[in-house]
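Below is one structure, written out as structure tokens; comments come after it.
Computed from the coordinates by the stated procedures, all read-outs in this text should not be read as laboratory data. These numbers were taken from a predicted model, which means no experiment stands behind them. Cβ placement follows ideal geometry from the backbone for every residue including glycine, while neighbour counts extend to all protein chains displayed.
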Ligand code: BG6
């Protein structure tokens, strides 16, 4: 939601009584993100007063054990402290429902449980189904939600069911398409929320405001004034305990197809005609559709993949990807990917968009850098004593969320010397810390039926349409063309060359202090 305040704290919308069902309730995401988000929404009074949480999982555990797990997760991961009073308010409404994801009987039992809770509440409740399982079981869950009648509960009313589907949304274009077919058969698109948690980050939402609520950017936001756009989403961590999932995924599927492509779409899109979800998503899809297909035959130096070797991260030894737990020694999964893309449209023709993402890089940083064209070499540009740097607009998604503009300035003194200076805005300095987590915003929006910050089916398919051929090509080539980089560095040399060849260089990392 971009256009109004959270539902129960100012706008006229009121979230109806709700039953949240999490599939994959014993998983890592529930512990680290979903439970803390639900708790913090409840603490802020943003959940309806009558709100229940049912964890659905394969392990057979009791309600009590599930509550204990949730409490432990909150103690570890909530951004705010859990006082007894707020925990007690939530705890009495938490249940666990054990079952396999392909067992229609367990879905029918879930439906009965939900009806009983409704009877107890003495009113109708909306169900929000959160599919947070490994992607392999998305299909049976969605089919069984349909088959059991849970998908169609209270259809056409304000308590109609809703479903949030975690990423990755498919493995490639055809699997994403199949998922969309099942979804379309079982749900109306208005009930469906394909999540990409980057869209819930404050700074990402703010991107639209910066672009379209300020008049100084629009005139220069095009091929006439922008010489390149860079998007970096880097992490210093390795795959940790997620080796099993990650090795089937890789950087292109795990990060570029979704998070990075969303940042690209928001940066490149045309102004939407209004702030309603469809106008915004239409423009994002148009931007993604304008991306020129990548050349994949032979070796294309503009499509780079690599995997991390051993190295030093924060001064400590870090092992190679192939030595991580759960990674086969002959794995060819990329932990780093970089691409050079062009949009074939009026605004961006000829402007390279450089994208990169990887694990075990020099630092955790998500940043969009808009590099402007150099001024004409008439005054300072002609003299080698004056180093005229290109103007940069750096939008820092995380950490140290903020925006920095780099301009050339004269250094003080009798001799005329130029130096880039920064005009900097920091979220924390201006607004203080403790902003809501992305999942809080997104769960609240889904509860209120607002799909603005979620991915539409055609959007997911358009992004896969560009990247699937690359994945197929990599798969056919195996190890051939898989580069490597030392842990704790900024990735393979080939990625530096990718920019140097066009007279650019990666900025992120150099602008952090
Ligand atoms: C997830 C990926 O979507 O995003 C993870 O699956 C990655 O591999 C994570 O670590 C990064 O998210 P954030 O919010 O920490 O940048």
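The test for being more than 16 Å from the ligand (Cβ to nearest atom), touching a residue at least 60 places away in the same chain (Cβ under 8 Å) and buried (at least 18 other Cβ atoms within 10 Å of the Cβ) does not hold for residue 199. Residue 317 meets the conditions (1) surrounded by fewer than 23 Cβ atoms within 10 Å (Cβ to Cβ); (2) outside any strand (DSSP E or B); (3) away from the ligand (no atom under 16 Å from the Cβ) in every case but one. The failed one is (2). Of the residues making up segment 234-251, those that are within 14 Å of residue 471 (Cα to Cα) and either buried (at least 21 other Cβ atoms within 10 Å of the Cβ) or within 11 Å of the ligand (Cβ to nearest atom) (or both) are 249, 250, 251. Somewhere in segment 332-343, is a residue within 16 Å of the ligand (Cβ to nearest atom), surrounded by 20 or more Cβ atoms within 10 Å (Cβ to Cβ) and either more than 20 Å from the chain's Cα centre (by Cα) or on the phi > 0 side of the Ramachandran plot (or both)? Checked against the condition, which is being within 16 Å of the ligand (Cβ to nearest atom), surrounded by 20 or more Cβ atoms within 10 Å (Cβ to Cβ) and either more than 20 Å from the chain's Cα centre (by Cα) or on the phi > 0 side of the Ramachandran plot (or both), segment 332-343 yields at least one hit. Identify all residues within segment 365-413 that are in contact (Cβ under 8 Å) with a residue 24 or more places away in the chain, in a loop (DSSP other than H, G, I, E, B) and within 29 Å of residue 214 (Cα to Cα); write none if there are none. Within segment 365-413, 373, 374, 388, 389, 390, 399, 400, 401 meet the criteria.
Scanning segment 147-165 for residues that are in contact with a helix residue (DSSP H, G or I) (Cβ under 7 Å, 6 or more places away or on another chain) and either under 30 Å from residue 258 (Cα atoms) or within 16 Å of the ligand (Cβ to nearest atom) (or both) yields 147, 150, 151, 160, 161, 162, 163, 164, 165. Among the numbered conditions (1) away from the ligand (no atom under 16 Å from the Cβ); (2) part of a helix (DSSP H, G or I); (3) closer than 25 Å to residue 394 by Cα; (4) out of contact with any helix residue (DSSP H, G or I) (no Cβ under 7 Å at 6 or more places or on another chain), the only one that residue 260 does not meet is (1). The selection criterion, being within 16 Å of the ligand (Cβ to nearest atom) and either on the phi > 0 side of the Ramachandran plot or surrounded by fewer than 16 Cβ atoms within 10 Å (Cβ to Cβ) (or both), holds for residue 364.
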